[in-house]
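Right, one structure below, let's go through it.
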Amino acid sequence: AVVKDLITVRNAVEARLAAGAAVIDRLGVAKRLGSTTSKVLQANGAAPGAAARWLRIGTGLAGLDRTAGYFRDGFLSAEHIDAIVRGISHVRGRVVGLMSDDFRCEVEGKLLAHAISGAPPAEIGRIARAMGNEVAGEQGGVPAAEDASLNTLDYAATPDGRLAGRFDVDAVTGEKMMSALDVWSRPRPEPDGRADTRTPTQRRADALHQLLDCGGGGQSLISAPRTEVAVTVPADHPDLASLRWMGPVTEATAAALACDASITSITLDGQQVPIDLSPPKRLFT
């Protein structure tokens with residue numbers, strides 16, 4: 001009970017911090033100091049990630065009265081609120097023209113309902129992407145998750161001689177990367193038989209090293225290595241196709257991925273239990 005009360009207090013405090021960040025940004029305090037709002041918050045003790053989240057939430061809650069109310073009351077965490085704000089922004093970006101107030105309220109209600117029912121922030125994000133895909137399909141737009149023109153990758157050497165960077169890529173590229181890293185980053189026993197002592201982040205870094213050794217230098221290869229990705233396409237709802245790691249994709253992207261793929265059909269019974277599995281087959285010779 002004490003922990004639950006403390007979590008509620010923590011959520012309510014973060015709601016006030018987000019509101020304060022929005023006020024600081026609106027008043028132009030950081031600009032007068034020759035800085036940014038996020039850096040001003042960091043200068044006052046906030047971690048970079050928290051500062052960015054407070055500002056994103058504080059400015060994104062405008063017009064989302066129901067979500068803001070749950071946040072002020074401490075009922076939902078900053079992470080859940082951030083997922084809702086980001087989700088609505090994602091769907092708004094898929095709408096051709098301006099998003100109507102009624103549709104925004106509808107999207108907010110759906111994401112808020114999932115948050116209240118206990119869905120984690122990552123699941124809320126996947127739901128929002130699926131809704132964005134649906135909107136883009138209806139209006140002819142390209143979902144941000146599948147827009148390769150938005151891809152970015154930045155890296156630079158650090159003062160201590162290491163390399164650090166960040167990237168933002170489309171769902172298909174992300175799926176290939178996660179699938180490839182998953183193969184190379186699985187735990188392996190130590191020489192003495194003990195369980196793998198590496199952390200997940202260390203295993204992924206080692207996996208990247210292995211991938212670069214396998215073909216990252218532009219060498220001539222007799223046959224190019226391929227990264228396998230799995231695309232699940234329900235037979236009765238091809239518009240609900242999804243990738244194993246990256247989640248929902250549009251029917252168009254699923255069709256593009258199927259062009260040179262091996263197709264396996266799985267028949268399920270009424271309880272979603274597989275009752276038949278066909279051998280893999282190609283669409284063309």
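The values are calculated or read from the model by the stated rules, or taken from the named source; none is laboratory data. None of the values given here were measured: they were computed from a predicted structure. Note that we place each Cβ from the backbone using ideal geometry, even for glycine, and neighbour counts take in every protein chain shown. Each accessible area value is taken on the protein alone, full model and side chains, heavy atoms only, with ligands, DNA and RNA left out. Shrake-Rupley method; radii C 1.70, N 1.55, O 1.52, S 1.80 Å.
Observations on the model:
- Accessible area per residue, Å², the chain with all protein chains present, probe 1.4 Å: 65 Å²
- Net dipole in debye of region 106-157 [+1 Lys, Arg Cβ; -1 Asp, Glu Cβ; about Cα centre; nearest 20]: 160 debye
- Percentage relative contact order, the chain, counting C-alpha pairs under 8 Å, at least six apart: 11 percent
- The phi-based Karplus calculation (6.51 cos²θ - 1.76 cosθ + 1.60; θ = phi - 60°) puts the 3J(HN,Hα) values of region 154-171 at 10, 8, 7, 6, 8, x, 8, x, 9, 10, 10, x, 8, 9, 9, 10, 6, 4 Hz, whole numbers, x for Gly and Pro.
- Estimated dipole of region 126-202 in Debye, rounded to 20 [Cβ of Lys and Arg +1, of Asp and Glu -1, Cα centre]: 340 debye
- Using the Karplus relation 6.51 cos²θ - 1.76 cosθ + 1.60 with θ = phi - 60°, the per-residue 3J(HN,Hα) values for region 132-145 come to x, 4, 5, 4, 4, x, 6, 9, x, x, 9, x, 4, 5 Hz, with x marking Gly and Pro.
- Surface accessible to a 1.4 Å probe, Cys259 within the full protein complex, Å²: 80 Å²
- Candidate aspartates and glutamates - alpha carbon under 18 Å from Lys39, same-chain residues fewer than 8 apart omitted: Glu14, Asp25
- Considering only Thr264, Thr232, Pro191, and ranking their Cα positions along the charge dipole of the chain that arises from unit charges at the beta-carbon of Lys, Arg, Asp and Glu, the one farthest toward the positive end is Pro191.
- Residue among Val3, Ala145, His80 farthest towards the positive dipole end of region 1-160, charges placed on Cβ: Val3
- Backbone geometry of region 246-253 corresponds, through the Karplus equation with coefficients 6.51, -1.76 and 1.60 at θ = phi - 60°, to 3J(HN,Hα) couplings of 8, x, x, 9, 6, 4, 5, 5 Hz, x marking Gly and Pro.
- When only alpha carbons are used to place a centre, region 146-193 and region 63-112 end up 30 Å from one another.
- The share of accessible area on the chain that comes from carbon and sulfur is 57 percent, using a 1.4 angstrom probe.
- Taking every alpha-carbon pair under 8 Å whose residues sit at least 6 apart, region 128-217 reaches a relative contact order of 18 percent.
- Shape of region 73-167, Cα gyration tensor, a/c cut at 1.5: oblate
- About the centre of its Cα atoms, the chain shows a dipole size close to 1020 debye [charges on the beta carbon of Lys, Arg (+1) and Asp, Glu (-1) only; nearest 20 debye].
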